[in-house]
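For reference, the structure discussed in these notes is given below.
What follows draws every value from the coordinates through simple rules; no lab data is involved. Just so you know, these numbers come straight off a predicted model, no measurement behind them. Note that we place each Cβ from the backbone using ideal geometry, even for glycine, and neighbour counts take in every protein chain shown.
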Amino acid sequence: MKSRKFKWLGLGLAFAILFVWTPFARAQEVPKASDTPEVAPKKTNARTPDVRAGAPEPFAGASVEKMAQQCVTLETEAGNIVIEMLPDSAPENVRNFLNLSATGALDTTIFSRVVKDFVIQGGNLSTSEKWGIELMKRMTHKLPDEPSLIKHVRGIVSMARPNEPNSATTNFFILVGNGSNLDGKFSAFGRVTSGMDVADAINHGPTEGEKPSKPVHISRAIAAACKQ
């Protein structure tokens, strides 16, 4: 009798996890949804994201002035991409990106979507080698839309989201071309200051549709004071 009870409890738990996860398995995009990439195997030397329950976020309560002094370096297999923050225009989206970088949530994720001569997209935490319940929780935190007067031109970094307003979470994109159709709709929060050649190389890699044949990994994301 006990074994049958445990069996039904196990099935119930499995259905509960599936129900919670399904909405967040869909990658957010500009401007349409994409397939969720496969999860890579876990590495033993991967940095563990600092997403403990109750742990304060590194940039919680940080002022616009402090966040404006921060840059994020994406160390990738193709080279480094350095991004300056634009918190005057999108403070909450900047705060989110800095926290994702500072806690290691972006480490080992991939650029999961490429639109030739337009964008490269990263930030899908389900592609992380450390994928689990804590990263899943991060993908449930929705951000406010913060459209601004910043034009979506080459080098701008902005948040990807589905069609629903205020639905961005962790997915972001880097423009390698111009995207005037995105102006006033998406939250531009950063600008590439170094490494556009790396972004171009990722954009020009082989693809199957919009899915890279050999996705480029973000080995590590580092949030630190911008170099003068």
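Points worth noting:
- Identity of the residue in the stretch 186-228, of a type in the set (S, T, N, Q) and either on the phi > 0 side of the Ramachandran plot or crowded, with 20+ Cβ neighbours inside 10 Å (or both), that ends up nearest to the chain's Cα centre (by Cα): Ser187
- Filtered residues of the stretch 137-156 (kept if buried (at least 17 other Cβ atoms within 10 Å of the Cβ) and under 14 Å from Thr170 (Cβ atoms)): Arg138, Met139, Leu143
- Residues satisfying the stated conditions in the stretch 122-134, i.e. in contact (Cβ under 8 Å) with a residue 24 or more places away in the chain and more than 11 Å from the chain's Cα centre (by Cα): Glu129, Lys130, Trp131, Glu134
- Top-ranked residue in the stretch 108-151 [being outside any loop (DSSP other than H, G, I, E, B) and of a type in the set (Gly, Ala, Ser); ranked as nearest to Arg191 (Cα to Cα)]: Gly122
- Of all residues in the stretch 54-75, those being loosely packed, with under 11 Cβ neighbours inside 10 Å, over 19 Å from the mean Cα position of the chain (by Cα) and closer than 20 Å to Leu106 by Cβ number 2.
- Top-ranked residue of the stretch 201-228 - restricted to ones that are without any contact (Cβ under 8 Å) to a residue 40 or more places away in the chain and not small (Gly, Ala, Ser), ranked as nearest to Ile110 (Cα to Cα): Lys214
- The lone exception for Phe97 - which of (1) aromatic (Phe, Trp, Tyr); (2) surrounded by fewer than 22 Cβ atoms within 10 Å (Cβ to Cβ); (3) not in a loop (DSSP other than H, G, I, E, B) it fails: (2)
- The listed residues are Gly179, Gly123, and the only one of them that is in contact with a His (Cβ under 6 Å, 6 or more places away or on another chain) and surrounded by 23 or more Cβ atoms within 10 Å (Cβ to Cβ) turns out to be Gly179.
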